[in-house]
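Novice: Below is the structure I would like to discuss, written out as structure tokens.
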Amino acid sequence: MEEQSLPQNTKKRMLSGIKPSGDMTLGSYLGAIRNWKDRALDFDCYYFIADLHAITVRQDPALLRKRSLNQLAQYIACGLDPEKNVLFMQSHVHQHAELGWVLNCYTMFGELSRMTQFKDKSAKNAENINGGLFTYPSLMAADILLYQADYVPVGEDQKQHIELTRDIAKRFNGLYSDTFKLPEPYIPKVGARIMSLSNPEEKMSKSDNGDTGCVLMMDSPDDIMRCFKRAITDSESCVRFDAENKKGVSNLMTIYSAVSGKSYAQIESDFAGRGYGDFKRETGEAVVELLRPIREQAQRLLADKAYLQSVCESGARNAAFIAEKTLRKVYKKVGFLPR
Ligand code: TRP
């Protein structure tokens, strides 16, 4: 992309929120996160841990703190350099909650009722359908609009929220003159699509946790090897790519290829005449070596709380600088008295 050669201040702005689950998977790393470090070449990037959003479902406070920090450390270890990206905690920038409130008053009950994520989540959390779960999308709109973001990288499941964000922004702009930039969803380069090792019909995800289908970035080499040893294959005993009939083996080949850079044809010839045992072991070993430096770096970072603290502080300071400008405009436009 040409943007690389443009001076810093002409870069388009990109923003994304990450829920603090604390458990990054091999699937999300190979599928997406490993490409994130290069985005800073082309975009002015803002990433935050969405802790305000996290409490829309009940959280254990100590665990939430731990996960937020783990998540931050893991993203830095994956190459998101805090010198080149603005990394922060959502709750550290109070403007999110403030603009979230204002935008609640410009978001219709009917719009929020139609959000599929709300319907899904309230079906799953029938005992705790709270107001925050309902107004989650207007807080998300605030996250985005505060920074006048051009692009928001999101998966399919979040597109409806971006659409709503644009509708809210248009409504506000229409009432009070131009205030917010209309953001666009950014569809990232598709990385490898990694399936569960124990059930290759399903995406590798944290819900697999506990069984051996899901490899976590922070898993020990032993745990990783165990996952690969138990990976589901088939009875043919031939390493051959066939996404229809050999889902397990094909998934392992996708992983091996993503990690080693080798083509499927190369992998097939490397393992010709050898059993699945070798193939699973070597795939596991390749993953262990890929993840080792990332895990070790994350551990070093987690041992240095003062450093992580300083990342959060400078991130929040940089973010608040932009966010406050937008919030001040909004407060003025809706008619609040100046402080
Ligand atoms: N809702 C997003 C998710 O579930 C997380 C999120 C919160 C977000 N605020 C955001 C993503 C702003 C992009 C922009 O994954």
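Each value in this text was obtained by applying a stated rule to the coordinates, not by laboratory testing. All values derive from a computational prediction rather than experimental measurement. Methodologically, a virtual Cβ is constructed for each residue, glycine included, from the backbone with ideal geometry; neighbour enumeration extends over all protein chains shown.
Novice: Excluding same-chain residues fewer than 8 positions from Lys84, which lysines have a Cα within less than 19 Å of its Cα?
Specialist: Partners within reach: Lys11, Lys12, Lys37.
Novice: From the phi angles alone, apply the Karplus equation (6.51, -1.76, 1.60; θ = phi - 60°) to segment 219-224 and give each ³J(HN,Hα) in whole Hz, x where the residue is Gly or Pro.
Specialist: Going residue by residue, I get 4, 6, x, 4, 4, 5 Hz, with x marking Gly and Pro.
Novice: For the chain, take the longest principal axis of its alpha carbons; what is the angle in degrees between that and the long axis of helix 131-145, to the nearest 10 within 0 to 90?
Specialist: The answer is roughly 80 degrees.
Novice: Under Stokes-Einstein, with the Kirkwood radius over Cα pairs standing in for Rh, what whole-number D in µm²/s applies to the chain at 20 °C and 1.002 mPa s?
Specialist: My calculation gives 98 µm²/s for D.
Novice: Treat every Asp and Glu Cβ in segment 206-299 as -1 and every Lys and Arg Cβ as +1, leave all other atoms uncharged, and give the resulting dipole magnitude about the Cα centre to the nearest 20 debye.
Specialist: Around 40 debye, computed over segment 206-299.
Novice: Per-residue counts of other Cβ atoms within 10 Å, averaged by peptide: what ranking do you get for 266-277, 68-79, 128-139, highest first?
Specialist: Ranking the peptides 266-277, 68-79, 128-139 by packing returns 68-79, 128-139, 266-277.
Novice: Of all DSSP beta bridges located in the chain, what percent are antiparallel, nearest 5?
Specialist: DSSP beta bridges in the chain are roughly 10 percent antiparallel.
Novice: With everything on Cα atoms, drop me the angle between helix 247-260 and the longest principal axis of the chain, reported from 0 to 90° to the nearest 10.
Specialist: Compared with the principal axis, the helix lies near 70 degrees.
Novice: Bins of 10 Å, beginning at zero and ending with the bin holding the largest distance: percent of Cα pairs per bin for segment 90-196, please.
Specialist: The distribution over segment 90-196 is 14, 42, 32, 11, 1, given as percents.
Novice: For segment 206-299, compute Rh as the Kirkwood radius over C-alpha pairs and then the Stokes-Einstein diffusion coefficient at 10 °C and 1.306 mPa s; write the answer in µm²/s, rounded to an integer.
Specialist: So the translational diffusion coefficient is about 116 µm²/s.
Novice: Using only alpha carbon positions, build the gyration tensor of segment 1-130, then give the equivalent ellipsoid semi-axes as the square roots of 5 times its eigenvalues, largest first, whole angstrom.
Specialist: 29, 20, 15
Novice: Beyond 18 Å between alpha-carbons counts as too far, so tell me which of Lys121/Lys181; Lys170/Lys333; Lys203/Lys246; Lys181/Lys329 fall in that bin.
Specialist: Listed pairs above 18 Å: Lys121/Lys181.
Novice: Among Phe172, Cys312, Cys214, whose Cα sits farthest toward the positive end of the charge dipole of the chain (+1 at Cβ of Lys/Arg, -1 at Cβ of Asp/Glu, about the Cα centre)?
Specialist: Of the candidates, Phe172 comes out farthest on the positive side.
Novice: Please list log₁₀ I(q)/I(0) at q = 0.18, 0.21 Å⁻¹ for segment 241-339, using the Debye equation with identical point scatterers on the alpha-carbon positions.
Specialist: Values returned for q = 0.18, 0.21 Å⁻¹ are -0.87, -1.03.
Novice: Which cross-chain or sequence-distant (5 or more) residues have an amide H under 5 Å from the amide H of Tyr186, H modelled 1.01 Å from N in plane?
Specialist: Val152, Val154
Novice: While we're on this one: Whose amide H sits under 5 Å from the amide H of Asp44, counting only residues 5 or more places off or on another chain, with H placed in the peptide plane?
Specialist: Answer set, sorted by chain and number: Lys12, Arg13, Met14.
Novice: If you plug each phi of segment 71-76 into the Karplus form 6.51 cos²θ - 1.76 cosθ + 1.60 with θ = phi - 60°, what whole-Hz ³J(HN,Hα) values come out, in order, with x for Gly and Pro?
Specialist: Residue by residue, segment 71-76 yields 4, 4, 4, 5, 5, 5 Hz.
Novice: In debye, nearest 20: dipole of the chain around its Cα centre with unit charges on the Cβ of K, R (+) and D, E (-)?
Specialist: Using only the charged Cβ atoms, the result is roughly 1020 debye.
Novice: Starting from the Cα-Cα distance between Cys105 and Leu182, subtract it from 0.36 nm times their residue separation and give me the gain in nm to one decimal.
Specialist: Computed gain between Cys105 and Leu182 is 25.9 nm.
Novice: Let me ask something additional. For segment 269-339 and segment 230-252, write down the distance between their C-alpha centroids in whole Å.
Specialist: Their Cα centres are 32 Å away from one another.
Novice: Cα axis of helix 95-104 to longest principal axis of the chain: angle in degrees, 0 to 90, nearest 10?
Specialist: Around 70 degrees separate the two axes.
Novice: So what is the 222 nm mean residue ellipticity for the chain from helices alone, if each DSSP H run of at least 4 adds -39500 (n - 2.57) and you divide by all residues, rounding to the nearest 500 deg cm²/dmol?
Specialist: Computed mean residue ellipticity for the chain: -16500 deg cm²/dmol.
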